[in-house]
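These notes are about the structure you will find just below.
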Amino acid sequence: MTEVKVNNFKACCDQFERAADKLGLDEKLSQSLMMPDRELAVEVPLTKDDGTLEVFRGYRIQHNNARGPFKGGIRYHQDVDLDEVRALASLMTWKTALVDIPYGGGKGGITVDPRSLSQRELERLSRTFFRRIGPVIGINKDIPAPDVNTNSQIMAWFMDEYSQHHGHSPAIVTGKPIDLGGSLGREAATGRGVFITIRETAKEFEMDLSESTAIIQGFGNVGSFAASFLHESGCKVVAVSDVTGGLYDPQGLDIPALREYARANRVIEGFARGKSVSNDELLNTGCDFLVPAALGGVIHKMNAGGLNCKFVIEAANGPTTPPADEILFEKKIVVMPDILTNAGGVTVSYFEWVQNLQQFRWEEDLVNEKLEHKMTTAYHEVNSLRKDKNVSFRTAAFMVAIDRVARTVKLRGF
Ligand code: GLU
């Protein structure tokens, strides 16, 4: 894939400033809301299975907690750096405010390719990392969750590590296994939220989902669940991709079979049906909804001009760079921003935390019903402000979120 170096935090600040300007936010307040409250970098030593020592770098960035404890995932990836985690932490502040849940924003990560580690190495690395960020986390302080390449097993190790010193504490992380206090519906929540965003967009633009097509880049937790919900709605998923490349079938891929295959083989490569396409080709293929559901910065100024979709649905965090955003605007491609589109995950994380604090489990139907309500309310707030102020969905989403955080900061005092 064409690689373009992206300054993630600057991209986030550009988006923030555009909305803060429209709101007429005080310059000093705007500067202070943009910057993270606290940044922690840690060394994470790991004794490998063969006895050698390797040291990794880890981060926890706490962006803003005016509306509640810092909240956000932890990602394991070889490209994780301070700039990226900073950007992701700030997106969490706006995302939690947009869906109006009582949290701030944070994010963590380790610069590591987890595929290079054995399961026991992964466990040791995770436990050491959690101990090292221990001083800044807490049930009412900062609550981690899964993100790229982390999962419910890793959350179980985090919870266990914390509980050894603080007593049984399921509310310290979300995205846990159901047996350890995880919420029903959490695993599918981000993909479900992505689907709700697409469904509401289709209604708004008078399109029939059962006559529409979608392409999904990334077939991890978010991409595969989004693909399933789209498939069930009758929308044709004509192409998907993962790190091994893409598959294309203009008649629509058999998503249930592909999910089954990906579960068993961990990749989509080798699936019997569909023509193989590169990630670059996939982005240029014609469709109604293009859903980047993998990493940030994949739609950039070098490739945005070639996109051939009606909507970009940002299931990943930060997939479109600001220059690409402008190109898409010129091309009249509508972008549904990440802080709205993928907010379903943190919304059900909030429900999980509430269940843990209440020590009372909700039925899955209740979780999904409340998620539906949160997502559609946020969608319609953004959509009506967008029309009212004649701005993009992204700027409107940031405006709703920034206004909420700014009001809280003013009420609490600096
Ligand atoms: N990592 C997810 C996100 O970017 C979920 C965060 C959470 O549940 O706290 O929204």
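Filtering the range 100-155 down to residues that are surrounded by fewer than 19 Cβ atoms within 10 Å (Cβ to Cβ) and hydrophobic (A, V, I, L, M, F, W, C), which residue is farthest from the ligand (Cβ to nearest atom)?
Here the residue is 136.
Give 274, 270, 252, 286 a once-over and let me know the one that is surrounded by fewer than 21 Cβ atoms within 10 Å (Cβ to Cβ), modelled with pLDDT of 95 or more, over 24 Å from the mean Cα position of the chain (by Cα) and at positive phi. First the steps, then the outcome.
Details: 274 fails: modelled with pLDDT of 95 or more; 270 fails: modelled with pLDDT of 95 or more; 286 fails: at positive phi.
Exactly one residue qualifies, and that residue is 252.
What pairs come out if I take residues in the range 20-36 that are farther than 22 Å from residue 385 by Cβ and pair them with residues that are modelled with pLDDT of 95 or more and not in a loop (DSSP other than H, G, I, E, B) whose C-beta lies under 7 Å away, six or more apart or interchain?
36/61; 36/62; 36/63; 36/86; 36/89; 36/90
Are there strands (runs of 3 or more DSSP E) fully within the range 225-282 with at least 1 residues that are acidic (Asp, Glu)? List them. Outline the logic, then answer.
On the way: elements: 236-242, 245-248, 275-277.
Per the criteria, 236-242.
Residue under question is residue 379, and the condition is that it be within 13 Å of the ligand (Cβ to nearest atom), of a type outside the set (A, V, I, L, M) and buried (at least 20 other Cβ atoms within 10 Å of the Cβ); does it hold? Even if it seems obvious, please write down each step before you answer.
Numbers: within 13 Å of the ligand (Cβ to nearest atom): no; of a type outside the set (A, V, I, L, M): yes; buried (at least 20 other Cβ atoms within 10 Å of the Cβ): yes.
Spelling it out, it is not the case that residue 379 is within 13 Å of the ligand (Cβ to nearest atom), of a type outside the set (A, V, I, L, M) and buried (at least 20 other Cβ atoms within 10 Å of the Cβ).
Out of the residues in the range 330-351 that are more than 10 Å from the ligand (Cβ to nearest atom) and among the hydrophobic types (A, V, I, L, M, F, W, C), which is nearest to the chain's Cα centre (by Cα)?
Among residues in the range 330-351 that are more than 10 Å from the ligand (Cβ to nearest atom) and among the hydrophobic types (A, V, I, L, M, F, W, C), the one nearest to the chain's Cα centre (by Cα) is 340.
What number of residues within the range 384-403 satisfy the criterion of being surrounded by 18 or more Cβ atoms within 10 Å (Cβ to Cβ) and assigned to a helix (DSSP H, G or I)?
Residues that pass the stated criteria total 12.
Does residue 162 qualify as being aromatic (Phe, Trp, Tyr), more than 11 Å from the ligand (Cβ to nearest atom) and assigned to a helix (DSSP H, G or I)? Explain how you work it out, then say what you get.
Details: aromatic (Phe, Trp, Tyr): yes; more than 11 Å from the ligand (Cβ to nearest atom): yes; assigned to a helix (DSSP H, G or I): yes.
Yes; evaluated as a whole, the condition is true for this residue.
Confirm whether residue 406 is out of contact with any Phe, Trp or Tyr (no Cβ under 8 Å at 6 or more places or on another chain), within 22 Å of residue 16 (Cβ to Cβ) and part of a loop (DSSP other than H, G, I, E, B). Steps first, answer last, please.
On the way: out of contact with any Phe, Trp or Tyr (no Cβ under 8 Å at 6 or more places or on another chain): yes; within 22 Å of residue 16 (Cβ to Cβ): yes; part of a loop (DSSP other than H, G, I, E, B): no.
Taking the combined requirement at face value, the residue does not satisfy it.
Here are some conditions: (1) touching a strand residue (DSSP E or B) at 6+ places or on another chain (Cβ under 7 Å); (2) assigned to a loop (DSSP other than H, G, I, E, B). Residue 68 meets all but one. Which one does it not meet?
(1)
The values are calculated or read from the model by the stated rules, or taken from the named source; none is laboratory data. Everything numeric in this text was worked out from a predicted model, so none of it was measured. Positions of Cβ are generated from backbone atoms using ideal geometry, with glycine treated the same way; all protein chains shown enter the neighbour counts.
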